[in-house]
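Working notes, beginning with the structure itself.
The values are calculated or read from the model by the stated rules, or taken from the named source; none is laboratory data. In this text, all values refer to a predicted model and were calculated from it rather than measured experimentally. Every residue, glycine as well, gets a Cβ built from its backbone with ideal geometry; the counts of neighbours run over all protein chains shown. Side chains included, ligands, DNA and RNA excluded: accessible areas come from the protein's heavy atoms. Shrake-Rupley method; radii C 1.70, N 1.55, O 1.52, S 1.80 Å.
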Amino acid sequence: MEGNFSMLTLDLLAEPYWLDLPRGVRVEIRPVTTAVMAAAQAAAARRLAAIRIADPDLDPDMSRGLSFAFLVKALARHAVTAWAGVGDAAGKPLPLSPEAVERLMDLDDIAAAFWDRATAPVAAVALEGNG
């Protein structure tokens, strides 16, 4: 087929892979598929709705901040399958758990890097499709 068109290249990873994060942390994640992202969005929306019910006068900026924080935490809970470089107060390796993953995502630099790196493959395909 000739003409001026771009072709979408589906080169998304199918197997879990490792991401390097700040502070020497590494996480293995499953690919961020539609199902993983939808699960994260649903979980984040439920948490924000509960807060809005408890505090109907919630500041809009705080609401947006909480929405993103909940989304990053939910994505990490659904995507992270292993980690390295995370320890407890005594310096012993901390076992992976949903609660511990959420605590890790409370660190702004870790959460920002995780979001950018975990969603980068999906964003690249989306941008290519809009070329």
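Couple of notes before you dig in:
- Of all residue pairs spaced 6 or more apart or on separate chains, none has beta-carbon atoms under 7 Å together with a first member in the stretch 23-38 that is in contact (Cβ under 8 Å) with a residue 60 or more places away in the chain and a second member that is open to solvent by less than 40 Å² (accessible area, probe 1.4 Å) and of a type in the set (D, E).
- Within the stretch 38-91, the set of residues being under 14 Å from F114 (Cβ atoms) and among the charged types (D, E, K, R) comprises K73, R77.
- Looking only at the stretch 1-29, residues that are closer than 19 Å to A113 by Cβ and either modelled with pLDDT under 95 or open to solvent by less than 80 Å² (accessible area, probe 1.4 Å) (or both) come to 11 in all.
- Residue match in the stretch 50-58 (condition: within 26 Å of P121 (Cα to Cα) and either free of Cβ contacts under 8 Å to residues at least 40 places away in the same chain or part of a helix (DSSP H, G or I) (or both)): no
- Residues of the stretch 72-103 that are open to solvent by 30 Å² or more (accessible area, probe 1.4 Å) and under 19 Å from A35 (Cα atoms): R77, H78, T81, P98.
- In the set (1) modelled with pLDDT of 95 or more; (2) outside any helix (DSSP H, G or I), the condition left unmet by F70 is number (2).
- A120 free of Cβ contacts under 8 Å to residues at least 24 places away in the same chain, surrounded by 11 or more Cβ atoms within 10 Å (Cβ to Cβ) and out of contact with any strand residue (DSSP E or B) (no Cβ under 8 Å at 6 or more places or on another chain): yes
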